Structure formats: C-alpha cells, structure tokens
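Reading through the structure tokens given below for one structure.
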Amino acid sequence: MQKKKPLNRRDFLRLSGLGVASLFAGGLLSACSPDEAVAPTAAAGATPLPPVAPSDEALDLELVMRAVPGEVQIFSGQPTRVWRYEGEVLQGDPNALQPVPNSYLGPIIRVKNGWRIRVHFQNGINEETIIHWHGLHVPEVADGHPRFVIAPGETYVYDFTVDDRPGTYWYHPHPHGRTGPQVYYGLAGLFLIEDEPDTPLPTGEYDVPLVLQDRTFDADNQFVYQTGAMMAQMMGFLGNRMLVNGQPDFTLPVATRPYRLRILNGSNSRIYKLGWSDGSPLTVIGTTGGLLEKPITKEYVTLAPAQRVDLWVDFSGRAVGEEIQLINLPSAAPDGGAVFPICTVKVEREESASLTLPERLSSVTWFDATQAVNRDKPREFVLAMTGGRGWTLNGRTFEMTAVADDELVRLGDLEVWQFTNQIGGGMGMGGGMALPHPMHVHGLQFQVIEREISAAGRSAWETLKDGYVDEGWLDTILVMPGEKVKILLKFEDFEGLYLYHCHNLEHEDMGMMRNYRVQA
C-alpha cells in the first residue's frame, strides 16, 4: 500500500479546524450545556494537546480520534447536545474512516486483519475518559483499562496489530463509574475487520451496520439519563425512544436482492428479542467474533448489550413498495413485555444479484475442552446482589488494580470459566434480587460449552433461550437469573491486567467489574 505523507501537528489542527485555542475556548464545545452534572459540556481549563508523534512507515493506518461535545438534529426544533467521536486519517487508506450520516455515532473504522494501527486519542470533553476496543485481542496498554484514563486535553496513543477474525467489533469509553453516561451521550462507534476478498457475501451499500440504542428525551430534545434513583441504577437504564444509527423512526431503503445486516446492541442495558413483523425466520451468519461456520436459522435472536449479530436477509421475493419491520418481541427481560418497532425496511427498487446464501461461511478452529487445565473444576464467578455492596462478582466489586488469587491465570492456559447468576440464598440480599447479566471478558474471544438453568429461573429463560447464538466465537454472553454458563477461553500472547464485567453499563459503573491478571 502506498502511504500518504504524514501530517505534522500544525497541518493536522489546521485541516481539522480544531486548533487548541478553538477546541477549548469555543467552537463545538461552546454549544454545550453548562450543567456539568447531567449533560455534556466543554473541557474547562484544559492543557494544550501534545504533538502527534512522527509517523512510522511500518504502520498500515494512523488515526487521530477525538472525543468532543457537539450538537445533532435528532428531532425538529432544538438540536440535541451530545458527546461524539471524530477522526482523521493521518496515514493509510482515507476510506478507513466512514462517517455515519446524520448521527452522533463515531465514524466506522474499517481495517484488515494483520494491519498495524496507531491511534492518537485526544480527550476534548470535560471529564476523564479512555477508549476500549471491544472484542479485540490487544496488549493490556491498548485495551482501555480505566487505570489509563486521560484528563481533558490529554492524549493517549494506542499502537497495536489487528489479530482477530474478520467481523463486527466496536469501540466505546471505559472510565470507571462513568462508562454508562459517556456511552449514553453518544461516545460509541463500529470497528469492522473486513472479510477476505473471496468471501461470497453482500458488500458496499448492501452491507449495512445497524446500531440499536434506546434513549429518553426531555421537552427540549435533550438526552435524559436517570441516575438518581437507586432502583434505576440497580435495574439499568431503559429509554422510551428507539434510535437506530442515532436516528428515530429509522427506515432502511433496500432493493430486491440479498443484504448483510450487522446489528450491534449499543444500548446501556436493554436486551432485545429481535424478529420480523411478518414472522419470517432470521438467518444468522455471524456473531461477536466473526462469521459462523455455516448459517443457522432462528425464529428470533436474543441480543444482549454489547452483543453483535450478522444477518443474511434476501428481499428478492418482495414487491417494490412493500415494508417489513424489525421488531422487539415480548420476553422476560426487564421492560421486555411490549412489542415495539426497531426499524422499518422498505423495498424501493428492483435489482437482481447473483449472490446465494453460502452453505459454508468460514473455517473455524475450535478449542478442545478436554485440554482445559481445569476441565474438572471450572473457575466459578457468582453474579449476585450482595447486601450493602450492590451487584458483585464472587462478593467483590471493582478495585482499580486489585486481583484476587482466583483471578490469576497463566499465559498459554486453556480454561473453563463458569458464570453463575444466583437467585436467592448465599450472597443474595433478602432472598435474592436477580437480573440478567451480559458478561464481557476483555482481551479475547471464547466458546460457550454448556448452559444449565435452575427450576426457579426456567420460566424467564424460556422466553429468550431459543434466540441465543452460541455457535460462534463470543466476547459477551447473556446469563439469565438462575442460569449457569460455562465458557472456554485461552490466554494467549499478552501478559497483563484485563477486565471481566457485566455489560449492563449501570451495573458496571456500580462496580460489577473485576480484574484478571495473565502472568507467565
């Protein structure tokens, strides 16, 4: 690849229109609310940003990514104040950054496996933050641990090689105690590792990312993030308006041909039970860790926060003018009782395509559970409400660098972990408040090898379990109340401190997060 001549710092700030003085004294930042407790605001008293380091000819892609406040026209009338990611390509393919039109979402980052990437992340909001590259296998210093947060005006440089299967990944903030509000106000974006050239799937405009988020707005079209009530925090945030790619009442125009829909649950806590309004089955071709070996068919798909699913959808049998809705079906998930539309798909034109659904999608190398060092006694993590401490993992909450003895793992080991979502008894509080927990493990992808449900949890579990997609590589797994889930994971390549936590962001911010340490 021919590399562009890298920009120096002065050129970069000039071209981006965000010199230091304008960045922290006016411009985008001046439009934000002065109410720092509840809304995005400008960085106050920020120090000048350090210069961008000289480029390295070995890099395939070098970016500057900024977290900045701004405004977006979501509804008619008053624009909505947001935080957002913006980016610039300093070196490499200029098409590696793809803005999402009419949205607060960050640009889609498109890369290839094997690329060496450098990202200069600049914090232009009024509080500490850091970026986590969700689902990627990277060194600990590139993973976005909360101990690496940077203050307003500071820069953090990521340098890593993409070493993951092609698929749908994403990026978002990860400061302790503030991940929920920062994501809620708009800081999130997709990170797509592109398929091999001979992959027989829809591409270009027929490969469509859909980011699902629920939000609540006040009368002035501003985001309302309810953090005051303890019960709301315990449950997690649930909004009353559906946004897709940052837009309400989203309609996707399509042609009479196959499409690939990449769906991310970017909500703080809502669990979706996705189905088509006419009852058509869903054809799943990929999960959080890339393509499946072969397509599978589901009546519905259960999608917990942070999970992704890729669907093959063929509209060739539908008439021009026909509409179909992707809807949320009733379930026992919190606030999951109502049917509501996610988005509308409208067939707008006729178009033929020679693509057919492949019988085999990819080659997958699986771990062998019999080779796990603890196959007879899995490492167990109990998910429970503990009196006085809220949501906990083995009775513990987050400590910035602390690691318990049962959170130490050995580099190169293959292990079985078991997440046990407890109902009552043991560490439960007053007989046991229990909620679903989407458990995310940083730094790797894992396999699901077994699920077990208790009698107490079965009725709720039955409303969602047929939508689980456990056939592929995953980085986030939904664990329903009364459920035990065993996963198989291998600690390869990197030593260091990584996180595992509930990806209900309110639970995470309350401390339902712990470190595990990989050591040689």
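The values are calculated or read from the model by the stated rules, or taken from the named source; none is laboratory data. Quick caveat, the model's predicted, so the values are computed rather than measured. For neighbour counting, all protein chains shown are included, and Cβ atoms are generated from backbone atoms with ideal geometry for every residue, glycine included.
Assorted remarks:
- Filtered residues of the range 451-469 (kept if of a type in the set (S, T, Y) and either part of a loop (DSSP other than H, G, I, E, B) or surrounded by 19 or more Cβ atoms within 10 Å (Cβ to Cβ) (or both)): S454, T463, Y468
- T302 of a type outside the set (A, V, I, L, M), out of contact with any helix residue (DSSP H, G or I) (no Cβ under 8 Å at 6 or more places or on another chain) and not assigned by TED's automatic domain parsing to the domain that holds H174: no
- Taking (1) of a type outside the set (D, E, K, R); (2) modelled with pLDDT under 95; (3) surrounded by 21 or more Cβ atoms within 10 Å (Cβ to Cβ) in turn, T227 satisfies each apart from (3).
- Criterion violated by N421 - all others in (1) surrounded by 15 or more Cβ atoms within 10 Å (Cβ to Cβ); (2) under 28 Å from P139 (Cβ atoms) satisfied: (2)
- Residue match in the range 401-409 (condition: in contact (Cβ under 8 Å) with a residue 24 or more places away in the chain and over 17 Å from A520 (Cα atoms)): yes
- Residues that are in contact (Cβ under 8 Å) with a residue 60 or more places away in the chain and of a type in the set (A, V, I, L, M, F, W, C), drawn from the range 264-289: L264, I271, L274, V284, I285
- Scanning the range 470-485 for residues that are surrounded by fewer than 22 Cβ atoms within 10 Å (Cβ to Cβ) and touching an Asp or Glu at 6+ places or on another chain (Cβ under 9 Å) returns E471, K484.
- Spans of strands (runs of 3 or more DSSP E) in the range 115-180 with at least 2 residues modelled with pLDDT of 95 or more and farther than 28 Å from Q226 by Cα: 116-123, 155-161, 167-173
- Close contacts from the range 469-490, counting a first residue that is at positive phi and a second that is part of a strand (DSSP E or B) and surrounded by 23 or more Cβ atoms within 10 Å (Cβ to Cβ), with Cβ to Cβ under 9 Å and a gap of 6+ residues or different chains, come to G482/N421.
Quick grid of which residues meet (1) over 17 Å from G286 (Cα atoms); (2) surrounded by 14 or more Cβ atoms within 10 Å (Cβ to Cβ); (3) under 27 Å from the mean Cα position of the chain (by Cα); (4) of a type in the set (D, E):
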position: A353; (1), (2), (3), (4): yes, yes, no, no
position: T356; (1), (2), (3), (4): no, no, no, no
position: S363; (1), (2), (3), (4): no, no, yes, no
position: W366; (1), (2), (3), (4): no, no, yes, no
position: Q371; (1), (2), (3), (4): yes, no, no, no
position: D376; (1), (2), (3), (4): yes, no, no, yes
position: E380; (1), (2), (3), (4): yes, yes, yes, yes
position: L383; (1), (2), (3), (4): yes, yes, yes, no
